[in-house]
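Chemist: I have a structure I would like to understand better, so I am pasting it below and will then ask my questions one at a time.
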Amino acid sequence: MPPTGRPAERRLAVVERSLRILDAFLELRGDAGTTELARLTGINASTVSRTLSTLVDAGYVEHVSDTGRYRLGTHLIALANHVLARLDLRVLARVHLESLEADLGETATLSIPSEPAAITVDFVPSRASVASIARIGRASIAHATATGKVMIAWGAERPPRGRLERFTDRTIVDHAVLRQEVEQVRGRGWARAEGEREEHLNAIAAPVFGSRGELAAILGIQGPDSRFVRDAQDAAAHVLVARAVALSRELGYHERAVWK
C-alpha cells in the first residue's frame, strides 16, 4: 500500500478512459454521440458505448432517448456544489473583484491553486465596450499566463519540464528565460504576461495567502493590449497588490509580506 497521505502511483486505465470521455463533453459543449466521443478521445466506439452505459447508471451522464445522444448528468452538479462549498474565499473576494474592476476598468479574476494548474473560479468583467472576458473553470498555463507564473513562484506548481508549448510569438519557450522571469516575479511580488497565451491579451496577477502562509488564491487583472499597456499594468499592480494584501489578511495571513 502507498504511504498514508500520498496517492498511489499506478493508474487504473478504465477510470482514465471514463475521465477522458467526461472531459470530451466540455470540448463539445453540448450533447454528444458515441462516434463523436470516440473520435475526440481516441477510444474505440464499443468501449465508449460500454463506458457511457456505466456513467449513465451512476448519474454522471444522461441518455437522451429522443436523439440517442448523451449529455452530462445532474450528479456532476452535486459534486461541483460540494467543491464550491469549501470556496468561501469567493464570497470574501467578490468585493475585491468588484472594486478592482471599478478602479481599473479592466476584467478582474479570481483563481485558486489546483493540480496541475490554477483554475478561474470567479470574475467581474470590464464594463468597457472592448473587454476581456474570463471563463469559469479555465485552467492557467504555467509558463504563458500571469496566474501560472504566480503558481510557479509561490504555489506547489513546479516549472514545467520538457518542451514549452508556444501559443504566440511572445510565449516563453526557453527554460532559462522562464526561471529568470519567475525570479523577477518573486522579487516584485506580482506577475505579468503580455500576449503570451493569447495575442492582444495582457494580464497581471498577485498571490493571496492563507493563514498558514500557503498560496490560497490568485487575483488577476486582464485587458486588451491596445489599452492595458505596460504603464497601465504597472499602475494597476499597486491597486491589485493592495487588494491581495487585504484579502490575505481576511484569510488570516499576518506573516512577512512578499509584495513590493
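Just so you know, all these numbers are worked out from the coordinates, no wet-lab data involved. Just so it is clear, the structure is predicted and the values come from calculations on it, not from any experiment. Using ideal geometry, Cβ is built from the backbone for each residue, glycine included, and neighbour counts are taken over all protein chains shown.
Chemist: Whole percent per 10 Å bin, from 0 to the bin with the longest distance: what is P(r) over all C-alpha pairs of the stretch 107-162?
Modeler: Over the stretch 107-162, the share of Cα pairs per 10 Å bin runs 26, 47, 22, 5, 0 percent.
Chemist: When the helices in the chain are scored as -39500 (n - 2.57) per DSSP H run of 4 or longer and the sum is shared across all residues, what 222 nm value do you end up with, to the nearest 500 deg cm²/dmol? Show your work: numbers first, answer last.
Modeler: On the way: 8 runs with 108 residues, N = 260.
It comes out at -13500 deg cm²/dmol, rounded to the nearest 500.
Chemist: Sticking with this one: So what is the diffusion coefficient of the stretch 13-79 in µm² per second by Stokes-Einstein at 10 °C and 1.306 mPa s, using a Kirkwood Rh over Cα pairs? Don't skip to the answer; put the middle values down first.
Modeler: On the way: Rh = 11.6 Å.
Result for D is 136 µm²/s.
Chemist: I need to check one value: relative contact order of the chain, counting alpha carbon pairs closer than 8 Å and at least 6 residues apart, in percent.
Modeler: 13
Chemist: Taking 7 Å along the Cα-to-C-beta vector as the label spot, tell me the T35-D103 distance in nanometres, rounded to one decimal.
Modeler: With each label point 7 Å from Cα toward Cβ, the separation is 5.6 nm.
Chemist: Could you run the Karplus curve 6.51 cos²θ - 1.76 cosθ + 1.60 with θ = phi - 60° over the stretch 166-180 and give me ³J(HN,Hα) per residue in whole Hz, x for Gly and Pro?
Modeler: 9, 9, 9, 5, 9, 5, 6, 10, 9, 4, 5, 5, 5, 4, 5
Chemist: Okay, moving on. Scaled to the compact-protein estimate 2.2 N^0.38 Å, what is the alpha-carbon radius of gyration of the stretch 208-254, rounded to two decimal places?
Modeler: Output field value: 1.34.
Chemist: Kirkwood hydrodynamic radius (Cα pairs, Å) of the stretch 122-260?
Modeler: Radius from the Kirkwood sum: 15.3 Å.
Chemist: Using the 10 angstrom Cβ neighbour count as an exposure proxy, how do T35, T109, T51 rank, fewest first?
Modeler: Ascending number of Cβ neighbours within 10 Å: T35, T51, T109.
Chemist: How far apart, in nm, are two points set 7 Å out from the Cα along the Cα-to-Cβ line at D88 and at R69?
Modeler: That separation, rounded to one decimal, is 4.2 nm.
Chemist: Can you tell me the length gained on complete extension of the stretch E250 to R10, counting 0.36 nm per residue apart and subtracting the Cα distance? Don't jump to the answer; show the numbers that get you there.
Modeler: Details: separation 240, 0.36 × 240 = 86.40 nm, distance 3.98 nm.
In short, 82.4 nm is gained.
Chemist: Could you list, bin by bin from short to long, the percent of Cα-Cα pairs of the stretch 46-150 in 10 Å steps?
Modeler: Result, from short to long distances: 13, 30, 27, 21, 9, 0 percent.
Chemist: Here's another thing I want to ask about it. Need one number: nm distance between label points at N44 and D57, each 7 Å from Cα along Cα→Cβ, rounded to one decimal.
Modeler: Label at N44, label at D57, 2.1 nm between them.
Chemist: Would you mind checking which residues have amide H under 5 Å from V121's amide H? H placed 1.01 Å from N; only 5 or more apart, or other chain.
Modeler: Here the answer is L110, S111, I112, G137, since their amide H atoms fall under 5 Å of that of V121.
Chemist: Residues with beta-carbon under 11 Å from that of I204, excluding I204: net charge, scoring Lys, Arg +1 and Asp, Glu -1?
Modeler: Combined, the nearby Lys, Arg, Asp and Glu give +1.
Chemist: Still on this structure, I have one more. Nearest 10 degrees, 0 to 90: what angle lies between the long axis of helix 75-84 and the longest principal axis of the chain (Cα atoms)?
Modeler: 20
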